[in-house]
1. Show log10 I(q)/I(0) for the chain at q = 0.13 Å⁻¹, two decimals, from a solvent-free Debye sum over equal Cα scatterers.
2. Which of the lysines could a cross-linker bridge to residue 96, judged by Cα under 18 Å and excluding same-chain residues fewer than eight apart?
3. Using only Cα atoms and rounding to the nearest 10 degrees, what angle (0 to 90) does helix 250-260 make with the longest principal axis of the chain?
4. Scanning the chain for GluC sites (Glu not before Pro) in DSSP loops with at most 14 other Cβ atoms within 10 Å, what's the longest stretch left with none?
5. Find how much the distance from residue 151 to residue 60 grows on full extension, using 0.36 nm per residue of separation minus their present alpha carbon separation; answer in nm with one decimal.
6. Can you tell me the 0 to 90 degree angle between the C-alpha axis of helix 57-67 and the longest principal axis of the chain, rounded to 10?
7. Sticking with the crude label model, points 7 Å out along Cα→Cβ, report the distance from residue 160 to residue 249 in nm, one decimal please.
8. Hey, what number do you get for the chain at 222 nm if only DSSP H runs of n ≥ 4 count, each worth -39500 (n - 2.57), divided across all residues, to the nearest 500?
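Throughout, read-outs are computed from the coordinates displayed, never taken from laboratory work. Quick caveat: nothing in here was measured; it's all calculated off a predicted structure. Cβ coordinates were reconstructed from backbone atoms using ideal geometry, including for glycine residues, and neighbour counts include every protein chain displayed.
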Amino acid sequence: MSHHRPYRGRFAPSPSGPLHFGSLVAATASYLESRSQGGEWFLRIDDIDEPRTVPGADQHIIQTLQQFGFEWQGEIIYQSHSKKNYQDALQQLIEKNLIYACTCSRQQIRQNARQGAFGYIYAGDCRDKNVNTNDAALRLRTNPQTILFDDLILGRQQQQLEQEVGDFIVRRRDSLFAYQLAIVVDDEKQGISDIIRGADLLDSTARQIYLQQQLGYHTPRYAHLPLAMHPNGGKLSKITAAPAINPQQASRELFKALDFLGQKPPPESQQSDLNSLWSWAINNWSRQKIPAKKAIIVSA
């Protein structure tokens, strides 16, 4: 389904730790693009992966965003409060005979799978078995079609899911809904028209578009930002203990994010007050200036 909707963007951090520079880059780009389009911008807490959720991290994230001057519309949505929506979507896929249970261990998957560009390609070992859904992961059947989309920063992208990814999990063995299903349902429920996020999620986009197609949902426009990388080559992330952004130096941190995004803010603006820097950023924002790269090394 096409995406002819009013402009609605979103930022959806996971509460597995504090926001870091990479988080700020994604939030800033999404927020400014929404403002430049006269659209709405929403905050969602992606806490569906309960084992990775750090108590209190959601409130820390919310407070940090407020201290940096971000403003969002409506209430903050939590994935952990939306499980019925995910179950309804899963049931819709089950009724279309697109779901099957999989009891394969990781070791079994590795033994039988091919190694692809996006990880191990599931060989479909359980596809034609009548496996009990208790204590099993649930997988979505893929097909030979090629998923095509035009990324607003990186250009034309394509992925042949059956050959390059294989049937993928939509509900985990521990009964938690998978990220791919949850995020697709959330974006549809919120009427999200545009998704601006890091290039680490580029490989997930075809799976999400395929899910949207099977569920009869709209497909948003996508734009994938360069990843902020450590000088040693690793991605800045919570897993790699990237330092938390400091609200006490909000203007300096925001200046760095704008510069990373190719906006070239005036050097003196990193010493200005936060409101003045936001005003400059909103008036001068250009998505076309964002480097069309998948990664950029960030100096200390």
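1. -0.96
2. 129
3. That helix lies at roughly 60 degrees to the long axis.
4. 76-300
5. So the extension gain works out to 29.6 nm.
6. Between the helix axis and the principal axis of the chain, the angle is about 30 degrees.
7. If labels sit at residue 160 and residue 249, their model points lie 4.9 nm apart.
8. Helix contribution divided over all residues of the chain: -9500 deg cm²/dmol.
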